[in-house]
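Read through the structure below, which is laid out as structure tokens, and then see the notes.
Read-outs: derived from the displayed coordinates by stated rules, not from any lab. Remember, predicted model here, so these are calculated numbers, not experimental data. Counting neighbours? That spans all protein chains shown, and the Cβs are built from the backbone with ideal geometry, glycine included.
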Amino acid sequence: MKENKMDNKSMHDAVCDKCGKDCKVPFKPTSGKPIFCSECFEQKQNNSSGGFNKKRRKVEKFDARCDECGTSCKLPFKPSSDKPVYCNKCFQKHKPQTNRGNRRRGGRNIFKNDFAAINSKLDRIIELLEKQQ
């Protein structure tokens, strides 16, 4: 049977900075750092906006109709008239393809399709430099 980790640590007397109750903590209190009893610590953790205890905020969903198949769906944003709306199934068909398969070894993020654009820009730069001479 495993021992509780708290059993191996010595407990230290302290006074909660929030409620003023006497309590015991598993570390030696130092000046400048607040001390909380277990109840106040738990309350502080539940009210905290950071870390793993962060409560998820409820996202408002908006009713919409898929522009491709006509299925009704819910979106986490308010749709605008200038962009098409897709259900999950149709979105997968229209999702931009990544070029992960074309990535070279060594972590370089240079893709074959980018060479033409790079060469065109380099040609333009060379042309501008030659005109200055």
Using the structure shown, select from K24/K44; K44/K78; K74/K95; K61/K95 the pairs with a Cα to Cα distance greater than 24 angstrom. K44/K78
Packing-based exposure ordering (other Cβ within 10 Å, fewest first) of I125, I35: I125, I35
Working out 0.36 nm times the residue gap between D82 and A117, then minus their Cα-Cα distance, what length gain in nm do you get to one decimal? 9.7 nm
Taking amide hydrogens as modeled 1.01 Å from N in the peptide plane, which residues meet the under 5 Å criterion relative to F36, leaving out close sequence neighbours? D17
For E39 and D63 in the same chain, what is the full-extension length gain: residue separation times 0.36 nm, less their Cα-Cα distance, in nm? 4.4 nm
Ranked from fewest to most other Cβ atoms within 10 Å of their own Cβ, K58, K95 fall in the order K58, K95
Using the number of other C-beta atoms within 10 angstrom as an exposure proxy, rank F36, F62 with the fewest first. F62, F36
Peptides 15-23, 70-78: what's the order by average Cβ count within 10 Å, highest mean first? 15-23, 70-78
